[in-house]
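Peer 1: Supplied in structure tokens, the structure appears directly below.
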Amino acid sequence: MRFPAVRSRRWRRTEALRRLAAEVDLLPRHLIAPLFVKEGISEPLAIPSLPGQRQHTVESLVAEVGELVELGVGGVILFGIPAYKDAQGSGAWDDHGVVQRALRALRAEFDDRLVLIADLCLCEYTDHGHCGLLADGPEIVDNDRTLEVYGRIATSQARAGADVIAPSGMMDGQVAAIRQALDAAGFPHVAILSYAAKFASAFYGPFREAAESSPRFGDRRGYQLPPSGLRAALRRVEQDVAEGADAVMVKPALPYLDVLRAVRERFDLPTAAYCVSGEYAMVHAAAERGWLDLASAMREVLVAIRRAGADWILTYFAKDAAKTLR
Ligand code: PBG
């Protein structure tokens, strides 16, 4: 059958036909909102490079999450910004730390009505800004000593009420270390969402401003994946799955859709994609200049990430997108 009998445009003529023929859905439950909570402030603070996002107080965080619950968003992931930093990042496993207090407040307010995810990393808590403890040897970060600390952070976050722990530091063995620590502390039900394929990316810029987590010296290329590394990413995911990850993540999203597709096809765990701060910022910056339409660009970005294979999308667009999806 050839043209003119075959006309693929028949499915595109009206909105109703296009809706029927759509191949992927984008629903509020697919979205996870990243949120920042900062210690020692009395009012939420705007983040200039992430329009519409704020560094929250525990109180303003609870209000924000209330809106997200109403909108049916799938979950939230919390990042803490402590008032004091030290070389060990000890604020990260303080049971009265800012993320722990936020988790308790959210659990008390919303019970089990949404999924609470705690990002687990040291970069916001260390005075040097690296994701682990500094090493004396040839590496910037001491992988194995960092694992002990990650175990401590995970149990503290679980005690505070996290459903899911999401380690983002890219240490080898982090999933196994956290699983062991959680099980030993009586949290076998707490899940691990591993940032398994996390690339050393220029697109984290606005986040580092928001989370106050830029490395003071050097960079993260000694532990995060090289942008060219598709096979390296797949090996890393395989390792995290073997260590007991309950879900895996690819990050960033748009520049790595091929990696996302490959991970989706090779592994049968829930697969998340993190549409990171720089992806959000560039869409907003262009829209501010009138160079593209914000709402349709947002939707296209999120549908593309779903099409590439993401079950869940961590995105600063979560609230705005969920509003349009009702
Ligand atoms: C660090 C962390 C980063 C992000 C999430 N966790 C930044 C980094 O690795 O420097 C980036 C998220 C974003 O850009 O939105 N643990």
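Peer 1: Which of the residues spanning the stretch 237-255 are open to solvent by less than 20 Å² (accessible area, probe 1.4 Å) and either more than 25 Å from VAL115 (Cβ to Cβ) or assigned to a helix (DSSP H, G or I) (or both)?
Peer 2: Within the stretch 237-255, VAL237, ASP240 qualify.
Peer 1: With the condition kept exactly as written, say whether any residue in the stretch 22-44 is open to solvent by less than 40 Å² (accessible area, probe 1.4 Å), in contact with a His (Cβ under 8 Å, 6 or more places away or on another chain) and aliphatic (A, V, I, L, M).
Peer 2: Among the residues of the stretch 22-44, at least one is open to solvent by less than 40 Å² (accessible area, probe 1.4 Å), in contact with a His (Cβ under 8 Å, 6 or more places away or on another chain) and aliphatic (A, V, I, L, M), which makes the answer yes.
Peer 1: Select, from ILE178, ILE192, the only residue that is buried (at least 20 other Cβ atoms within 10 Å of the Cβ), more than 13 Å from the ligand (Cβ to nearest atom) and in a strand (DSSP E or B). Steps first, answer last, please.
Peer 2: On the way: ILE178 fails: in a strand (DSSP E or B).
Residue meeting the stated conditions: ILE192.
Peer 1: For LEU257, state whether it is more than 16 Å from the ligand (Cβ to nearest atom) and more than 24 Å from ARG231 (Cβ to Cβ). First the steps, then the outcome.
Peer 2: Values: more than 16 Å from the ligand (Cβ to nearest atom): yes; more than 24 Å from ARG231 (Cβ to Cβ): no.
For LEU257, the condition - more than 16 Å from the ligand (Cβ to nearest atom) and more than 24 Å from ARG231 (Cβ to Cβ) - is not met.
Peer 1: Right, another one. Do you know which residues across the stretch 106-156 are of a type in the set (Phe, Trp, Tyr) and buried (at least 24 other Cβ atoms within 10 Å of the Cβ)?
Peer 2: First, pick out the residues of the stretch 106-156 that are of a type in the set (Phe, Trp, Tyr): 110, 125, 150.
Across the stretch 106-156, the qualifying residues are TYR125, TYR150.
Peer 1: Restricting to the stretch 157-175, name every residue that is assigned to a loop (DSSP other than H, G, I, E, B), closer than 21 Å to LEU114 by Cβ and open to solvent by less than 10 Å² (accessible area, probe 1.4 Å).
Peer 2: Narrowing the stretch 157-175 to residues assigned to a loop (DSSP other than H, G, I, E, B): 160-163, 168-173.
Subset that is closer than 21 Å to LEU114 by Cβ: 160-163, 168.
Once the filter is applied, which keeps residues that are assigned to a loop (DSSP other than H, G, I, E, B), closer than 21 Å to LEU114 by Cβ and open to solvent by less than 10 Å² (accessible area, probe 1.4 Å), the stretch 157-175 yields ALA160, ALA162, SER168.
Peer 1: While we're on this one: Among the residues of the stretch 4-29, write down those that are farther than 16 Å from ARG306 by Cα and among the β-branched types (Val, Ile, Thr).
Peer 2: VAL6, THR14
Peer 1: Related question: If you take the residues in the stretch 265-275 that are more than 12 Å from ILE305 (Cα to Cα) and either not acidic (Asp, Glu) or not in a helix (DSSP H, G or I) (or both), which one is least open to solvent (accessible area, probe 1.4 Å)? I'd like the intermediate steps shown before the answer.
Peer 2: Residues of the stretch 265-275 more than 12 Å from ILE305 (Cα to Cα): 265-270.
Imposing the further condition that a residue be either not acidic (Asp, Glu) or not in a helix (DSSP H, G or I) (or both) reduces the set to 266-270.
Details: ARG266: 151, PHE267: 26, ASP268: 145, LEU269: 42, PRO270: 45 Å².
My answer is PHE267.
The values are calculated or read from the model by the stated rules, or taken from the named source; none is laboratory data. Note that the coordinates shown come from a computational prediction; the quantities given were computed from them, not determined experimentally. Cβ atoms come from the backbone with ideal geometry, glycine included; neighbour counts cover every protein chain shown. Ligands, DNA and RNA are excluded from the accessible area calculation, which covers all protein heavy atoms including side chains. Shrake-Rupley method; radii C 1.70, N 1.55, O 1.52, S 1.80 Å.
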